[in-house]
Amino acid sequence: MVIVNLFNLKNTNGMYYYALDYIRRNEAAIEKILVRPNLAEDARRQFPELTVVECGLASFVASILVARARGGFLYTPTPHPVPFISRQLIVVHDAYPFFGMLGGLKKFLLRVSLETSKCLVGYINQSDASDFVRSIGVREARLVFAPNYFPPTLNLLHKSRDASLSRLRVGLFGTDSPKKNYEALFEEVIASGRADFMEFWIYGHMTAYFSGLRSRFGTIHCELVESDRFALAEFLGSVDVVVSVALNEGFGRPIAAALVSGVPCFLIETRVFREFFGGAAEFEASVSDIVTQLAAHKMGSEIRQIRLEVPTAVAEAQNRIERLLHEAGRG
């Protein structure tokens, strides 16, 4: 039996949607999902046929102990291994949470947990997360490439908005942390004198990071589109372009959704973005270059329809993970 451990997730972020994709494709192998109470309603809506267990700390520990006693396999699609559980697959998404002083403590705890659990360690890309898990001493025999699923083409391919509108609407994804690097983007927009030419819609949650941005950059036209209330297709259909200047992304699921749906994407040059989106997105070397491209973009112009192909290595890796979970489910 497979028990999905989502206890460490506090909201519906990228790791949550990563987990949903894997659960959806392996539902027959899964016995139950462990979540915090605030995610239980959404998890039940997503998987009405599965048992969703709302967990506080005590009930989470109890569920883990029962699963261990019964020989269950724990699928933890976050970088939070449960100590002393070897029949477990965790997933590292990027190295960013392990930067800085607090990140150093998290890295130490991760190492300790990995040493005590001896579990399998998944990584979602070959260009950042892979290097990180090797750097902390995880042996090759324990490593598993576990990339994101690419989203399907959305129902309505993107169409350009009315050229008579006064501002270019730029879509941004995520409000969780400063790794999004929006400060650099907004500073460059102001410096270029193009702040009145653009408006930024950010798909995410109301967070301290987002509130700080709005307070600091009062001259930037910036709106929050709450991802729990609006479908991604609706958001993508309402923006002209998508931009990411993040330097520490592990994948970029909404960016993939934009590309397969024909929304032009301007991305900062990074190894991860190149790994998954090379040949489809427009890459620029600097934030300044991206702002220059945005300023030159004309609303209402014809938009090239893009077909983002799933790399063969990604599909093969996902098949291996599916076999692993189904074999565990039969065990």
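The values are calculated or read from the model by the stated rules, or taken from the named source; none is laboratory data. Nothing here was measured: the structure is a model prediction, and the numbers come from that model. With ideal geometry, Cβ positions are generated from the backbone for all residues, glycine too; neighbour counts draw on all protein chains shown. In case anyone asks, the SASA skips ligands and DNA or RNA and just uses the protein heavy atoms, side chains included. Shrake-Rupley method; radii C 1.70, N 1.55, O 1.52, S 1.80 Å.
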With all protein chains modelled, accessible area of MET206 [1.4 Å, Å²]: 120 Å²
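For the chain, report the % of Cα-Cα distances exceeding 24 Å. All intermediate terms of the calculation are to be shown ahead of the outcome.
Values: 30987 of 54615 pairs.
Roughly 57 percent, once rounded to a whole number.
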Alpha-carbon centroids, region 253-272 and region 29-46: separation in whole Å: 29 Å
Farthest toward positive dipole pole in the chain [+1 Lys/Arg, -1 Asp/Glu at C-beta], among GLY279, SER135, TYR209: SER135
Net +/- balance of residues flanking ILE136 in space, Cβ distance below 15 Å, scoring K and R +1, D and E -1: +2
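Quick one: in region 69-202, what % of C-alpha pairs are over 24 Å apart? Before the final figure, lay out each step's value.
Details: 4488 of 8911 pairs.
Tail fraction, whole percent: 50.
In the chain, which longest range has no trypsin sites (Lys or Arg not before Pro) that are both DSSP loop (not H, G, I, E or B) and surrounded by at most 13 other Cβ atoms within 10 Å? Display every interim value, and only then the final one.
Values: sites that count: LYS10, ARG70, ARG139, LYS159, ARG229, LYS298, ARG304, ARG307.
By the stated rule (loop sites, at most 13 other Cβ atoms within 10 Å), 160-228.
Dividing the alpha-carbon radius of gyration of region 148-292 by 2.2 N^0.38 Å (N being the number of residues), what value is obtained? Show your work: numbers first, answer last.
On the way: Rg = 14.3 Å, N = 145, 2.2 N^0.38 = 14.6 Å.
For region 148-292, the normalised Cα radius of gyration is 0.98.
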Dipole moment magnitude, nearest 20 debye, the chain about Cα centre, only Lys, Arg, Asp, Glu C-beta charged: 1020 debye
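Just add up the charged neighbours of GLU327: K/R +1, D/E -1, any other residue whose Cβ is under 15 Å from the Cβ of GLU327. Can you show the working numbers first?
Details: positive: ARG25, ARG87, ARG320, ARG323, ARG330; negative: GLU31, GLU322.
Residues near GLU327 contribute +3 overall.
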Rounded FRET efficiency, nearest 0.05, which uses the C-beta distance separating PHE197 from GLU322 and R0 of 45 Å: 0.45
Region 59-139 - Rg and Dmax from Cα coordinates, angstrom: 12.9, 39
Kirkwood hydrodynamic radius of region 184-232, from inverse mean 1/r over distinct Cα pairs, in Å: 11.6 Å
Spatially near lysine pairs across the chain, Cα under 27 Å, sequence gap of 8 or more or different chains: 16
Probe 1.4 Å, accessible area per residue of region 211-319, Å²: 44 Å²
Share of carbon and sulfur in the accessible heavy-atom surface of the chain [1.4 Å probe, %]: 53 percent
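Please compute the net charge surrounding SER177, taking Lys and Arg as +1 and Asp and Glu as -1 over other residues with Cβ under 14 Å from its Cβ.
Details: positive: LYS10, LYS106, LYS179, LYS180; negative: ASP94, ASP176, GLU183, GLU249.
It works out to a net charge of 0.
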Listed residues TYR209, TYR75 arranged by accessible area, highest first, probe 1.4 Å: TYR209, TYR75
For the chain, with +1 on Lys and Arg beta carbons and -1 on Asp and Glu, the positive-most of TYR123, CYS55, ALA315 along the dipole: CYS55
